[in-house]
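Colleague: Pasting in a structure now, in structure tokens, and then I'll have a few things to ask.
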Amino acid sequence: MKTSDYALNYGTILGAANVAFALMLFFLDAHYQQDSASNIVGAVLVIGFVNYGIFQFRQDNDGFISLSEGLKIGVGIALVSAIITTLYGIILTEFMDPQFIDKVFEIQRQKMLESNPELSEEDASNAIEISKNFTTIPFRIAFGILGGVIFGFIISLIGGLILKRSKPQQNSIFVALLQNIHFGNFCCDSFI
């Protein structure tokens, strides 16, 4: 069984689920809000698919999985999903809703002014202008993929530690030798 097959399959499914959820938000015109509920749904999707992929590999591998296999699968799922989701994000902001970034920054500027009345309009606008430097396509690709992989690593590390089940080890040479040594009436088999 190849861990890459599980990573590719479950990563593609997770990416498709993320895009479907994002499209639902888009068609409901709720994609500007970036509220905690939609972030929680996204996190639950990642946690669920990463751990299910690790679990499924263990089931198909006679109930055994090492931590390194779990990490490979989990990070691979997160990477494939992050690539798909990042590509969707670029399509959204460049073709489907070219004003998306400007609208999000305007919402953020209003929230900044409401939450901090001492902040001047000029300071809020300056902060937004600085933030806009990080919305170029290369930055969005890098942050999208890197963020997805880091989150996937953390989730797969935890899931891998929980789901890890090692194959029973063969007796070591030392134990095998002890089992065959007899000292008169005293035998080492009784200690092993």
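Read-outs throughout are calculated quantities, based only on the coordinates presented, and are distinct from any laboratory measurement. In this text the structure is predicted, and so the values were computed from the model without any measurement. No Cβ is skipped: glycine too gets one built from the backbone with ideal geometry, and neighbour counts run over all protein chains shown.
Colleague: Cα centroid distance between segment 119-140 and segment 18-55, in Å?
Modeller: 25 Å
Colleague: Students often check this: by mean Cβ neighbours within 10 Å, which of 16-25, 117-126 ranks highest, and how do the rest follow? Working shown, then result.
Modeller: Working: 16-25: 16.1, 117-126: 10.8.
Those peptides, ordered most packed to least, come out 16-25, 117-126.
Colleague: Note the angle between two axes, namely the Cα long axis of helix 3-27 and the longest principal axis of the Cα atoms of the chain, as a number of degrees from 0 to 90, rounded to the nearest 10.
Modeller: The angle comes out at about 20 degrees.
Colleague: Using Cα atoms only, what is the angle between the long axis of helix 67-91 and the major principal axis of the chain, expressed in degrees (0 to 90) to the nearest 10?
Modeller: Orientation of helix 67-91: about 20 degrees from the principal axis.
Colleague: Sticking with this structure for a sec: Under a Cβ-Cβ cut-off of 14 Å, what is the net charge of the residues other than L119 that fall near it, where Lys and Arg count +1 and Asp and Glu count -1? Can you show the working numbers first?
Modeller: Values: positive: R109, K111; negative: E114, E118, E121, E122, D123.
My count for the surroundings of L119 gives -3.
Colleague: Count the lysine pairs in the chain whose Cα atoms lie under 16 Å apart, taking only pairs 8 or more positions apart in sequence or on different chains. Spell out each step's value before the answer.
Modeller: Working: K2/K72; K72/K164; K103/K111; K103/K132.
Here the count comes out as 4.
Colleague: Of the listed values (i) 0.97; (ii) 1.27; (iii) 1.05, grab the one calculated as Rg/Rh (Cα atoms, Kirkwood Rh) from the structure here.
Modeller: So the structure-derived entry is (ii).
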